[in-house]
Amino acid sequence: MIHPGMRVRVTYIFHNCFLLDIGGRTLLFDCPDGKYLKRRAAEALSLGLGGRRVTAFVSHSHDDHFRQDLAVACAGAASADFVVSDDVAEMYPAAVPRGALVVEPDEAYSFSGLAIETLMSNDLGVAYLVEVNGVRVYFGGDLAAWVWETAAEAERTFAAEFFTRALERIARRPVDIAFTNVDRRLANLAGGPEFARTARPRLLVPMHAFGRTAWLKEVRPLLTAGGSDVFVYDKPGQTLELDLEPSENPT
């Protein structure tokens, strides 16, 4: 159960990389290769990790979501644990930090005081459902409704149905904070509005913008349709703070 007045802070770093500060600990999601982090983003990451108790999550091995020197990037933290997808361990075994939890799709784990569930992605790796201090967090990695207009009809159908099935699973239990892909290259915004209407998280954080964020303001109304607050950010290091109160009808 969420403790009354649970304070959380979300910090945008770049693309799908975010920090979530909650209950005295910091979750780092999908830190990309250093070539993606310009000065402002690198400084925001260093500042956000400095002196913190950190758990870093890697959803898959694409370099816009994973850096091979992740342990070095987290060196300024007071402590750091790592959760990495099995494709990372297979492709870059030397880059898996010592003591890391290597996860497979559609499994459940208890690690570093966190309850972690994984969902298979329709790209590479996994998406995460993480429970921390009574707060349920979804991080999508590259799981999305990748319905590309140039793809064959069978591919488009598979992508849409795969995402809908995953979303049904996510929506079975309330999600407090959701990081989900909202990609303007696709007419369906990679399923972002569908996620908002179905999962209805308290806070929805759109991602997968490759650093180009100005357009997020335009699609915000589509993401609030389910009643969620939406974090619309402009530049690396921007934060949103809010207090989460217990649900009136906890499940």
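The values are calculated or read from the model by the stated rules, or taken from the named source; none is laboratory data. Every value quoted in this text rests on a predicted model; they were computed, and no experiment measured them. Heads up, the Cβs are rebuilt from the backbone with ideal geometry, glycines too, and the neighbour counts pull from every protein chain shown. Surface areas here come from the heavy atoms of the whole protein model, side chains and all, with no ligands, DNA or RNA. Shrake-Rupley method; radii C 1.70, N 1.55, O 1.52, S 1.80 Å.
Descriptive notes on the structure:
Conditions tested, residue by residue: (1) touching a Phe, Trp or Tyr at 6+ places or on another chain (Cβ under 7 Å); (2) open to solvent by 10 Å² or more (accessible area, probe 1.4 Å); (3) part of a loop (DSSP other than H, G, I, E, B); (4) farther than 21 Å from Gly23 by Cα.
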residue	(1), (2), (3), (4)
Asp63	no, yes, yes, yes
Gln68	yes, yes, yes, yes
Ala77	no, yes, yes, no
Ala80	no, yes, no, no
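- Options Ala151, Ala115, Ala127, Ala89: the member that is closer than 28 Å to Thr164 by Cβ, open to solvent by 10 Å² or more (accessible area, probe 1.4 Å), hydrophobic (A, V, I, L, M, F, W, C) and not in a loop (DSSP other than H, G, I, E, B): Ala115
Per-residue answers, yes or no, for (1) open to solvent by 50 Å² or more (accessible area, probe 1.4 Å); (2) within 24 Å of Ala166 (Cβ to Cβ):
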| site | (1), (2) |
| --- | --- |
| Asp183 | no, yes |
| Pro193 | no, yes |
| Pro201 | no, yes |
| Leu204 | no, yes |
| Gly211 | no, no |
| Leu216 | no, yes |
| Leu222 | yes, yes |
| Gly227 | yes, yes |
| Gly237 | no, no |
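- Of the residues screened, Val102 is one that is of a type in the set (Val, Ile, Thr), part of a strand (DSSP E or B) and open to solvent by 10 Å² or more (accessible area, probe 1.4 Å).
- Residue in segment 31-45 that is more than 20 Å from Glu131 (Cα to Cα), among the hydroxyl-bearing types (Ser, Thr, Tyr), in contact (Cβ under 8 Å) with a residue 12 or more places away in the chain and open to solvent by 10 Å² or more (accessible area, probe 1.4 Å) present: yes
- Test: residue in segment 9-27 that is free of Cβ contacts under 8 Å to residues at least 12 places away in the same chain, out of contact with any Asp or Glu (no Cβ under 9 Å at 6 or more places or on another chain) and not in a loop (DSSP other than H, G, I, E, B): no
- Flag for Arg169 being at pLDDT below 95 and closer than 20 Å to Ile13 by Cα: no
- Members of segment 232-249 found to be modelled with pLDDT of 95 or more and of a type in the set (A, V, I, L, M), listed by number: Val232, Leu240
- Here is the figure for segment 81-102: residues that are farther than 13 Å from Leu124 by Cα and within 18 Å of the chain's Cα centre (by Cα) total 5.
- Enumeration of residues in segment 130-148 that are over 13 Å from Gly191 (Cβ atoms) and open to solvent by 10 Å² or more (accessible area, probe 1.4 Å): Glu131, Asn133, Gly134, Arg136
- Residues satisfying the stated conditions in segment 218-241, i.e. of a type in the set (Phe, Trp, Tyr) and within 20 Å of Lys38 (Cβ to Cβ): Tyr233
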